[in-house]
1. For segment 31-59: of the residues being open to solvent by 30 Å² or more (accessible area, probe 1.4 Å), assigned to a helix (DSSP H, G or I) and among the polar types (S, T, N, Q), which is farthest from VAL75 (Cα to Cα)?
2. Among the residues in segment 75-87, are any at pLDDT below 70, surrounded by 11 or more Cβ atoms within 10 Å (Cβ to Cβ) and either in contact with a His (Cβ under 9 Å, 6 or more places away or on another chain) or β-branched (Val, Ile, Thr) (or both)?
Amino acid sequence: AELKREKKGVPWTEEEHRIFLAGLEKLGKGDWRGISRNFVTTRTPTQVASHAQKYFLRQSSLSKKKRRSSHFDVVIIMLAVMRGNFI
C-alpha cells in the first residue's frame, strides 16, 4: 500500500512563530535545521525554511498597501516596539 502524503499545510501557531523568531535571532538566517531541531521542534527544516521565506517576503512588503494582514504582523510590531525599533 502506497502512503499518500498530506499536501495541505497546517498553519503556524503564534507560539511556533514566536519561537521561530527567537531561533532566527539566535542562530541566524539560513540555519533552518538548527531552528527546527533546537527551537521549533514541531516543524521540519523544510517547513521552517518555507515559513522563513514567507516571513521575509512579508517583511519586505510591510510598507506596501496591497497585502493580506496576518495576526503575525501584531507579533512583529510588538517585538519591534519592545526592542526600541519603533516603526
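The values are calculated or read from the model by the stated rules, or taken from the named source; none is laboratory data. This one's a predicted model, so the numbers in the text were calculated from it and none came from an experiment. Note that each Cβ is placed from the backbone with ideal geometry, even for glycine, and that neighbours are counted across all protein chains shown. SASA here: full protein model, heavy atoms, side chains in, ligands and nucleic acids out. Shrake-Rupley method; radii C 1.70, N 1.55, O 1.52, S 1.80 Å.
1. THR46
2. Yes: one or more hits.
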